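Undergrad: For reference, the structure I am asking about is given below.
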Amino acid sequence: MAQRYEIRFSGSGGQGLITAGIILAEAVAIVEGRHAAQSQSYGPEARGGASKSEVIISDEPIDYPKATKVNVCLAMTQEAADKYAGDIVSGGILLTDSDLVKNPPAGDFKHYQFPIIRTAKEQLGREIVANVLALGAIIALTEVVTRDSGEQAVLKRAPAAFKELNQKAYALGYETMKALMSAN
Amino acid sequence: MKKVALIQGNEACAQAAIYAGCRFFAGYPITPSSEIAEVLSRKLPEIGGTFIQMEDEIGAMAAVIGASLCGLKAMDATSGPGLSLKQELIGYACMAEIPCVLVNVMRGGPSTGMPTGPSQSDIMATRWGTHGDHATIAVAPASCQEIFSETVRAFNLAETYRLPVHILMDEIIAHMREKIVFPEEGELEVLNRAEPTVPPAAYKPFDASFGDVPPLAAMGSNYRYHVTGLNKAEDGFPTTKAALVDAEERRQLRKVDVAAVAKNEEYLLDDAEFVIVSFGVVSRSARFAINQLRNRGIRAGMLRPITLWPFPAQRVAEVAKNARAVIVPEMNLGQMIGEVERAVCGACPTRSILRVDGEPITPQQIIDEVEEVQHVL
């Protein structure tokens, strides 16, 4: 693991991306006992508008808690992709929802896409777990924590009645991403 | 094994208040401090404490003062607009020497400013917001773990000195989530106010023969006394006698032991040519910048006041003697720089990095400034 690794979850308010960031930070800091700082930009609106959540990961204590050069960026809306992909480090990765980001921004980074929200809706019947599905994909893509650590963190946070659904969403995201990576 | 969690700075503050023995919170929730009230509204009733949401910020501060006078450790949390409203009562607590803790998660200003943006623009409002001469103690943590320990220390200082103590935070550290290792009971020092030992009839609330911080009796106990915002004699009743007023005013300033309250973090200062003075989230940008600058052979270091008031003027003066420049990044339009300049007193050049657009000062801004200064000076 590099000294400092930066992941940005972006989209619109209400998509659960701040929660996805918190779960990832818990997987790093609590399950794996390393260091993570999770922060978010937030506006007065509770829904809509561009929203981002950042997780800084390190084996050492984290000084600056916001992104400097984003290693991996998830964008769940066109607006977020346009606004936030520009900070991706050269050779970094952008993951987008292919239904919602019709014009993925170009740059010196790898781009992956799949219909994240539609996958959640069609295969799990619940759009609400798209954030956990995206988290599974991000962990598959980056391996910043093990698959198991991510799952533990998801289960720790999910309400009892929704543990199984979240577990499925996480696994589906993880496997969809791995399949996509091996296809490329 | 110790309890570990990933929590927000505001939650760490609320949990620490309970650890410190706080059993009364009154507030009027305001972004970006609201989570402190939210957490305490749930936790305090569970342990026999009281949470009350007042009609406004002024009422909240008044309730806190009343609860403290009745013997409880009491806290309020707000942001800049609330701080403005509370000034009269902060002065009252200073004059009547009533311990309490006031958290201010700063946002821009004046007036209602930018609720969701980070800021450090209340440094001077904290020191001088209320009129008249008065001692001010303010602590300024920079991480979730430190928010916990400094909140506990803030209560200790309030109870030790019979004074309102401020906790100054910015939106980033207040809302950021980091791992925190919860201290076990007894691990952090928890201090309580001195209570009177004399019989009730002999009690005087400001009897300086007991030292500069006389014992404070709880209202509702057998001890009866008078409380006023007017200059008072040792029995608590108003006075205009010159000698008494002068002695009391001077005692109220003198009672804070500046050396005992001082707390700084010093990072790579020993050989630093470029000294950065910063606190809160900006100190984390500074640390990042210093590491990068050191990699390029530039000897930068940081003095980070954790106790912001009283300002560590003496330490700043000492480190300035061997510095080529002292650089002050702060999220306002030039507040701490004034204190730094006063302390440096021309021993070396000073520079400001100022930002008030709702974005944090980045490590790159500090790196650029140091590199420029290096070429100019």
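The values are calculated or read from the model by the stated rules, or taken from the named source; none is laboratory data. Just so you know, these numbers come straight off a predicted model, no measurement behind them. In this analysis, Cβ positions are derived from the backbone assuming ideal geometry, glycine residues included, and neighbour counts consider all displayed protein chains. Heads up: the accessible areas ignore ligands, DNA and RNA and are worked out on the full protein's heavy atoms, side chains in. Shrake-Rupley method; radii C 1.70, N 1.55, O 1.52, S 1.80 Å.
Undergrad: With respect to the numbered conditions (1) buried (at least 24 other Cβ atoms within 10 Å of the Cβ); (2) of a type outside the set (Lys, Arg); (3) part of a strand (DSSP E or B), which one is the sole condition not fulfilled by B:PHE51?
TA: (1)
Undergrad: Shifting gears a bit: Looking only at helices (runs of 4 or more DSSP H) that lie completely in segment B:209-295, which have at least 3 residues being within 14 Å of chain A (Cβ to nearest Cβ)?
TA: Hits in segment B:209-295: B:280-295.
Undergrad: While we're here: Please go through (1) buried (at least 18 other Cβ atoms within 10 Å of the Cβ); (2) more than 14 Å from chain A (Cβ to nearest Cβ); (3) not in a strand (DSSP E or B) for B:GLY338 and return the number of the only condition it doesn't satisfy.
TA: Only one criterion in (1) buried (at least 18 other Cβ atoms within 10 Å of the Cβ); (2) more than 14 Å from chain A (Cβ to nearest Cβ); (3) not in a strand (DSSP E or B) is unmet by B:GLY338, namely (1).
Undergrad: Which condition number does B:ALA93 fail, the rest of (1) more than 14 Å from chain A (Cβ to nearest Cβ); (2) closer than 16 Å to B:PHE279 by Cβ; (3) open to solvent by less than 10 Å² (accessible area, probe 1.4 Å) being met?
TA: Just one mismatch for B:ALA93, condition (2).
Undergrad: For segment B:110-141, what are the residues that are modelled with pLDDT of 95 or more and within 14 Å of chain A (Cβ to nearest Cβ)?
TA: Passing the criteria: only B:PRO141.
Undergrad: Please tell me if A:ALA85 is away from chain B (no Cβ under 11 Å), buried (at least 18 other Cβ atoms within 10 Å of the Cβ) and touching a Cys at 6+ places or on another chain (Cβ under 6 Å).
TA: It is true that A:ALA85 is away from chain B (no Cβ under 11 Å), buried (at least 18 other Cβ atoms within 10 Å of the Cβ) and touching a Cys at 6+ places or on another chain (Cβ under 6 Å).
Undergrad: So which residues in segment B:12-29 are assigned to a helix (DSSP H, G or I), in contact with an Asp or Glu (Cβ under 9 Å, 6 or more places away or on another chain) and crowded, with 22+ Cβ neighbours inside 10 Å?
TA: Those that are assigned to a helix (DSSP H, G or I), in contact with an Asp or Glu (Cβ under 9 Å, 6 or more places away or on another chain) and crowded, with 22+ Cβ neighbours inside 10 Å: B:ALA12, B:CYS13, B:ALA14, B:ALA16.
Undergrad: Count, please, the residues in segment B:192-206 that happen to be within 27 Å of the chain's Cα centre (by Cα) and open to solvent by less than 50 Å² (accessible area, probe 1.4 Å).
TA: Residues in segment B:192-206 being within 27 Å of the chain's Cα centre (by Cα) and open to solvent by less than 50 Å² (accessible area, probe 1.4 Å): 3 in total.
Undergrad: Would you be able to say whether some residue in segment A:97-111 is acidic (Asp, Glu), open to solvent by less than 70 Å² (accessible area, probe 1.4 Å) and within 19 Å of A:SER53 (Cα to Cα)?
TA: Looking through segment A:97-111, at least one residue is acidic (Asp, Glu), open to solvent by less than 70 Å² (accessible area, probe 1.4 Å) and within 19 Å of A:SER53 (Cα to Cα).
Undergrad: Report whether or not B:SER121 is under 21 Å from B:PRO29 (Cβ atoms), surrounded by 19 or more Cβ atoms within 10 Å (Cβ to Cβ) and among the hydroxyl-bearing types (Ser, Thr, Tyr).
TA: Criteria met by B:SER121.
Undergrad: Within segment A:13-33, which residues are open to solvent by 40 Å² or more (accessible area, probe 1.4 Å), more than 9 Å from chain B (Cβ to nearest Cβ) and within 19 Å of A:GLN3 (Cα to Cα)?
TA: Within segment A:13-33, A:VAL31, A:GLU32 meet the criteria.
Undergrad: So if I check each of B:LEU293, B:LEU268, which one is open to solvent by less than 30 Å² (accessible area, probe 1.4 Å), in contact (Cβ under 8 Å) with a residue 24 or more places away in the chain and of a type outside the set (Asp, Glu)?
TA: Every option except B:LEU293 fails the conditions.
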